[in-house]
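A short worksheet on the structure shown next.
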Amino acid sequence: WREWNGEGGEAEWAGTLERLIREFPDSSLAPEAAVMRGQSFEKSGRPEAALAMYRLVIKRYGESSHVPLAMLSAARIHDQLRQDSDAVALLRRLLTEYPDFDQIGAVLYQLAWALVDSSRDKEADAVFERIHAECRDTEYWVDATYRLAERAARSEDFERADQFASQITETQCEARMMSHALYLRGQLAASRGKWADVDRWMTRVAHDFPESTLRIQAEYWLAEANYRLRNYAESGAIFDRLEQQTDGRTDTWLGMVTLRRAQVMAHAKRWQDAYD
């Protein structure tokens, strides 16, 4: 134990764990030692060896309190090895046999993504829904809620999508997820022609999260919203700035920047500039 906590060399504590497992397989400490050895194999980049340790715990020590963690860890490795069906089966078994496992949020989240990777989107949505309903106080709730919002948006259920996204923007969450949720709300508002709301949400993305990868796109939508609201001077200023900031880029949507700049000039009766 001292070696595991950094007071000994890696080879020494690994050998100690393996000796315990090999020489004292019936010890109450053996399942914990096997889990720890599996974790050390994972850390050193040996997933197959780690998986063997976790399988040993699951198969031989079925009554141990370490079995659910071994199952979750084994499922994680199956997922890394692209063995999605094995991961799904193990996670579903874990949910059935250990419904009170204290890491149930992690189990559900991993299951949802294993189902996504298996192209079983409807089943994945049901699991994301369960996380949304049952795991509000976990680190997985925000991401699961965002996935539900995205999927509703793709199905053109814009009201439902905005309901999910709004739940995120009303919480305290890390910057990346907040900026993505705000941006999605802006896109949803644009889909419904609610340009004042587009202005509201995209302003927050552009101004509150200047380092976000979404900032440039948010500024485009902010300019577009102002154009649709006939705030041509403000719109033109943003489009002019975008033209400079995106010089050299070839994104398809940037053609709209040039078009809108010309239209803003036409509204200002700058005919030659618009023509050019």
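General observations
- Which numbered condition residue 96 misses (of (1) polar (S, T, N, Q); (2) open to solvent by less than 60 Å² (accessible area, probe 1.4 Å); (3) at pLDDT 95 or above): (2)
- Lone qualifier among 181, 149, 114, 106 - being over 23 Å from residue 87 (Cβ atoms) and either in contact with an Asp or Glu (Cβ under 9 Å, 6 or more places away or on another chain) or in contact (Cβ under 8 Å) with a residue 40 or more places away in the chain (or both): 149
- Counted residues, the range 254-272 - those being open to solvent by 70 Å² or more (accessible area, probe 1.4 Å) and either in contact (Cβ under 8 Å) with a residue 24 or more places away in the chain or on the phi < 0 side of the Ramachandran plot (or both): 6
- The residues listed here are 251, 247; of these, the one that is open to solvent by less than 60 Å² (accessible area, probe 1.4 Å) and outside any helix (DSSP H, G or I) is 251.
- Positions within the range 153-169 being open to solvent by 50 Å² or more (accessible area, probe 1.4 Å) and closer than 18 Å to residue 131 by Cα, in sequence order: 160, 163, 167
- Qualifying residue in the range 211-222 (condition: touching a helix residue (DSSP H, G or I) at 6+ places or on another chain (Cβ under 6 Å) and outside any helix (DSSP H, G or I)): yes
The values are calculated or read from the model by the stated rules, or taken from the named source; none is laboratory data. Keep in mind the model is a prediction, meaning the values are calculated, not measured. Reconstructed Cβ throughout: ideal geometry from the backbone, glycine too, with neighbour counts over all protein chains shown. For the accessible areas, the whole protein counts, side chains as well, though only heavy atoms, and no ligand, DNA or RNA atoms are used. Shrake-Rupley method; radii C 1.70, N 1.55, O 1.52, S 1.80 Å.
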